[in-house]
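Peer 1: Attaching a single structure in structure tokens format; questions to follow.
The values are calculated or read from the model by the stated rules, or taken from the named source; none is laboratory data. In this text, all values refer to a predicted model and were calculated from it rather than measured experimentally. All Cβ positions, even for glycine, are placed from backbone atoms using ideal geometry, and neighbour counts span all protein chains on display. Quick note on the areas: whole protein, heavy atoms, side chains included, nothing else; ligands and nucleic acids left out. Shrake-Rupley method; radii C 1.70, N 1.55, O 1.52, S 1.80 Å.
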Amino acid sequence: PPGEPEVVDIVADDLDSWIEDNTRIVVALGDVDIRRAKTTMKADNAILWFDQIEEAGKKRQVYKELYAQGNVTLITEKDVTTADKIFQNFKENKAIYINPRLKTPMPDMPPMVAYVKGKEMKQLTSEEYLLKNGTFTTCSFGHPHYHVRGTAVTITQRTYTPKKKQEKEHYWEAVSRHNVFYVGKMPLAFLPVYKYSTREKEHLLRALSVGSSSRFGRFVRTDWNPYALGVFGPEPEI
């Protein structure tokens, strides 16, 4: 927590550290492993900055910034984020991820997992992120069978308290604009606005099948749920 002392464990093939202007700089090279509370980061190389603070005659260090590059993997309790490069500013709750790929479970629909990736992701606040040229899918294949691609995606981390539990858990809400829905590499539909939550049980695409017939030849059959877009209100009961 901000203002509280904490331990940061750093393991690497080579470590170097020095102090400049009341800032401790740590350079870690080769198989870097950084552990902080319930978060683990792995990377090829990393640089860490710590503020040197003296209070009541006691000195302590406060984790300030991090830059990591090369096979960066950020592991939290439930999410896994990989990227080519990551820069984090813990004092301002801001960060930049280059070519990020986020894997997060869908709490109310285990074992389903959501996959989000893009060219660049910026952390705007402690809960809000902006993803450029992002894609979203629940297909686990490297080349997903279907996905939604949007030019600008706002991702917000929410919390809730599950039934029969006291600890809060988090989930993700995404609002994407100027989207195209793809099956494989084939664009099938344009979606001006697409809203999605990893807690919602409603899916935009309810069913997908591929086949062929002597009359129609090869075809792709889809069953859509427009109420999952979040712009028509709740689906009426029949």
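Peer 1: In debye to the nearest 20, how big a dipole does region 34-105 give about its Cα centre with +1 on each Lys and Arg Cβ and -1 on each Asp and Glu Cβ?
Peer 2: 200
Peer 1: What does the accessible area of His178 come to, in Å² to the nearest 10, when a probe of 1.4 Å is used?
Peer 2: Accessible area of His178: about 110 Å².
Peer 1: Answer with one residue from Thr198, Gly118, Asn89: the one whose Cα lies farthest towards the positive end of the charge dipole of region 67-204, charges on Cβ with Lys, Arg +1 and Asp, Glu -1.
Peer 2: Gly118
Peer 1: Name the trypsin sites (Lys or Arg not before Pro) in region 1-65 that are in a loop by DSSP and that have at most 12 other C-beta atoms within 10 Å, would you?
Peer 2: Listed in order of number, the matching sites are Lys38.
Peer 1: Moving to a separate point now. Can you list which of the trypsin sites (Lys or Arg not before Pro) found in region 106-192 are DSSP loop residues with at most 10 other C-beta atoms within 10 Å?
Peer 2: Lys163, Lys164, Lys165, Lys168, Lys185
Peer 1: When the accessible area of region 1-138 is computed with all protein chains present and a 1.4 Å probe, what percentage of it is carbon and sulfur?
Peer 2: Ligands and nucleic acids excluded, carbon and sulfur give 51 percent.
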